[in-house]
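Notes follow once the structure below has been shown.
Where a number appears in this text, it was derived from the coordinates with a stated rule and is not lab data. As the structure is a computational prediction, the values presented were derived from the model and not from experiment. A quick note on method: Cβ atoms are made from the backbone with ideal geometry, for glycine too, and the neighbour counts reach across all protein chains shown.
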Amino acid sequence: MKKIIFSIVIIAIIAVSAFFYFNNKKSASEIQCDTKNGLSWCGDLRRCITEDEICGPLDEKTKLLSAVGGVFGMELGLIPRVFDWENNGKKVYLDGKGYYYTDILDSEKIKSVWAGLNNYFSQNGFSKETSDGKSPVVYKKDNIVCNLDKITNPNKTSSISASCAYDDGVICDTATDCGTECDNDEQCGAKLDACSKKTVCKNMGFKFFYNCLNPTNDASKIDFTIQSCKCEDRKCVWNNPQPKN
């Protein structure tokens, strides 16, 4: 009987110790997040996340980008990256994320990372969509598209970018007709085109970016003539008010 009681006590002590250990471990991780700057702890990702990030199990693109980041062999921040993709003969822009690295011109690190990235995609079921020797190099697997680019900079350095996006993650250049299609007036609104320095009518359900070197942020230089939009013939257009009699 004493042996049974002793065993129960030991099991209880282990269970209580484990409970406090894991709870204290989680609390310590949560305390490390800088809540004053909008960071919070995500248990699924086991790290602090920003207000713009969604806490949940890793999706396929995030897992892939984590592996791609490992090829660089250093801690690099994941940044938003827009890149173009030739889809059935039509060029579209994809809203992706990726890494950017710069080093001495054609350094051994640049060469090894470039070779490592191409080897990674080739060995993990991705098909190359561009011909050999062409840059950027585009790889695709299922619904994920990745763009690898290596450029020579004027200051005798080389840069490598590696970005991935879902093939339906289209983002529109504000200066084009992309993002103007609509079904009703409620979808349409005035969107700033900081490149052409004016407001334009767009479907507000789309994502947009500025495809120019120096988009303006000076409101005094913007033409705000277009402020009201409507859907006409399935396209967002200016709702030009009728002149008063």
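Do the alpha carbons of any pairs in LYS90/LYS197; LYS61/LYS91; LYS109/LYS156; LYS63/LYS202; LYS97/LYS221; LYS111/LYS140 sit beyond 25 Å of each other, and which pairs? Over 25 Å Cα-Cα: LYS90/LYS197; LYS63/LYS202; LYS97/LYS221. Across the options ASN184, VAL200, TRP238, the greatest Cα extent toward the positive end of the charge dipole of segment 174-238 (unit charges at beta carbon of Lys, Arg, Asp, Glu) belongs to VAL200. The mean of 1/r over all distinct Cα pairs in segment 60-166, once inverted, gives the Kirkwood hydrodynamic radius of 14.0 Å.
Amide H contacts of LYS97: ARG81, CYS164, each under 5 Å away and 5 or more positions distant or on a separate chain (H built 1.01 Å from N in the peptide plane; Pro and chain starts excluded). Express in whole angstrom the spacing between the alpha-carbon centres of segment 159-207 and segment 123-137. Centre-to-centre (Cα) distance: 28 Å.
Net length available on complete extension from LYS36 to SER131 is 29.3 nm, with 0.36 nm assigned per residue and the Cα-Cα distance removed. Taking amide H positions as modeled 1.01 Å from N, with prolines and chain starts lacking one, the residues under 5 Å from ALA175 and 5 or more places away or on another chain are ASN211.
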